Amino acid sequence: MSNTSEFEVKVLVDGEALSHHAAKAIETLAKERVAETGWFNLALSGGSTPKAVYTLLANQREHGDMPWNKTRLFWGDERNCKPDHPDSNYRMVYEALLKNGPVPLENIYPISTAEPTADDCAAKYAKTLHEKIERKKDGFPSFDLILLGIGPDGHTASLFPGTHAPLEMTKTVTTCDPLSFNPAVRPAVDRITITTPVIWRAENVFVLAEGASKKEMLARIFASGPIESELVARLLWRCQGQVRFFIDQAALPQK
Ligand code: 6PG
């Protein structure tokens, strides 16, 4: 694929400013996309960084313009655990955003982890994405926005280096057992994740990265050069849509 993205990098003074800026950018984009297409199909990121963004978006005083009735919430990835488990990305979003209720129940599409195997969960979610996301590109569902984080090992979503997951180019959703490559990965559980081709075909990708621990990885992602397979997040260079990084000063690579 010849497409390369021009990364837009927004540097905020600290994590709080990053969260406020990212929440406003999501709200602005949601209004634009609903005005243009009638819906805003959003894939949420897991982990800890986005929780403050979701909490802000739940605040109807600050983000009363967010078109929740026309926003479909999906998850970019999920840990293969029960939805009330502390490691669950669904639970993190429930606590931050869903519990306080601005999102209509019928617009919430979590990755079910109730199927017999992780592969069954992936297949079921792929079916949901194909049914609910009207816009397709080369047969893949095209989100209006995918939120992503960056792991210390360069993973994004649950596409972990050294596993088959980043290399899956035909499925929409796949599984990943990060422990098969790195036993130190935490939480130590297998994952269900959207795939590289789905990320490439999103209209917009927002990457949220906060703190000094992300600095080195961001420097390697921003460095020009061939896509390094072991540094999964460099797949972002091949996104067809607009890729915007929201980082804080602590994560800013030194020139
Ligand atoms: C997950 C996320 C994962 C996360 C990164 C960064 O399920 O954990 O999808 O890709 O975004 O690991 O996590 P932090 O935001 O906690 O640093």
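Explain nothing, just compute: Karplus ³J(HN,Hα) = 6.51 cos²θ - 1.76 cosθ + 1.60, θ = phi - 60°, for every residue of the stretch 84-91 in order, whole Hz, x for Gly and Pro.
3J(HN,Hα) across the stretch 84-91, in whole Hz: 9, 6, x, 7, 6, 5, 4, 4.
Sorted by accessible area (1.4 Å probe), largest first, how do Ile108, Ile247 line up? Write out the running numbers ahead of the final one.
Values: Ile108 30, Ile247 0 Å².
Solvent-accessible surface, decreasing: Ile108, Ile247.
Count the net charge of all other residues whose Cβ sits under 11 Å from the Cβ of Ala122, scoring Lys and Arg as +1 and Asp and Glu as -1.
Numbers: positive: Lys124, Lys127, Lys171, Arg191; negative: Asp77, Glu78, Glu115, Asp119, Asp120, Glu168, Asp190.
Residues near Ala122 contribute -3 overall.
Taking 8 Å as the Cα distance limit and 6 or more residues as the minimum spacing, I'd like the relative contact order of the chain as a percentage.
Numbers: 531 pairs, mean separation 65.3, N = 255.
The value is 26 percent.
Apply 1/(1 + (r/R0)^6) to the Cβ-Cβ distance of Lys255 and Glu95, taking R0 = 41 Å, and write down the FRET efficiency to the nearest 0.05.
Working: r = 39 Å, r/R0 = 0.94.
With R0 = 41 Å, the Cβ-Cβ based efficiency is 0.60.
Search the structure for amide H atoms under 5 Å from the amide H of Lys137, placed 1.01 Å from N in the peptide plane, and list their residues when 5 or more places away or on another chain.
So Lys137 has HN proximity to Ser142.
Based solely on its DSSP helices, what 222 nm [θ] is calculated for the chain when runs of n ≥ 4 H residues each add -39,500 (n - 2.57) and the sum is averaged over all residues, nearest 500 deg cm²/dmol?
On the way: 6 runs with 63 residues, N = 255.
Dividing the helical sum by the residues of the chain leaves -7500 deg cm²/dmol.
Below 19 Å, Cα to Cα, which aspartates and glutamates can Lys24 reach? Residues fewer than 8 away in the same chain don't count.
In chain and number order, the partners are Glu8, Asp14, Glu16, Glu32, Glu36, Glu62, Asp65, Asp144, Glu203, Glu210, Asp248.
Just how large is the dipole of the stretch 1-148 about the Cα centre, in debye to the nearest 20, putting +1 at every Lys and Arg Cβ and -1 at every Asp and Glu Cβ? Spell out each step's value before the answer.
Details: 18 positive and 22 negative charges, 53 e Å.
Dipole of the stretch 1-148, to the nearest 20 debye: 260 debye.
Pulled fully out, how much extra length does the chain show between Lys82 and Glu115, if you take 0.36 nm times their separation in residues and subtract their Cα-Cα distance? List each step's numbers first, then the result.
Numbers: separation 33, 0.36 × 33 = 11.88 nm, distance 1.08 nm.
Stretched fully, the Lys82-Glu115 segment lengthens by 10.8 nm.
DSSP beta bridges in the chain, what fraction antiparallel, as a percent rounded to 5?
Numbers: 10 of 34 bridges.
For the chain, the DSSP antiparallel bridge percentage is about 30.
Just to verify a number: FRET efficiency for Ser213 and Glu36, C-beta to C-beta distance, R0 = 22 Å, to 0.05? Let's see the in-between values first.
Values: r = 37 Å, r/R0 = 1.68.
That pair, Ser213 with Glu36, gives E of 0.05.
Per residue, how many Å² of accessible area does the chain show with a 1.4 Å probe? All intermediate terms of the calculation are to be shown ahead of the outcome.
Numbers: 11180 Å² over 255 residues.
Roughly 44 Å² per residue, with all protein chains present.
Carbon and sulfur atoms: what percent of the 1.4 Å accessible area of the chain do they account for? Numbers along the way, then the final one.
Values: 5640 of 11180 Å².
The computed percentage sits at 50.
Which shape class applies to the chain: rounded if a/c is under 1.5, otherwise prolate when a/b exceeds b/c and oblate if not, where a ≥ b ≥ c are the square roots of the Cα gyration tensor eigenvalues? Please report the intermediate quantities before stating the final value.
Values: a/c = 1.26, a/b = 1.06, b/c = 1.19.
Rounded, because the longest to shortest axis ratio a/c is under 1.5.
The values are calculated or read from the model by the stated rules, or taken from the named source; none is laboratory data. None of the values given here were measured: they were computed from a predicted structure. Note that each Cβ is placed from the backbone with ideal geometry, even for glycine, and that neighbours are counted across all protein chains shown. Each accessible area value is taken on the protein alone, full model and side chains, heavy atoms only, with ligands, DNA and RNA left out. Shrake-Rupley method; radii C 1.70, N 1.55, O 1.52, S 1.80 Å.
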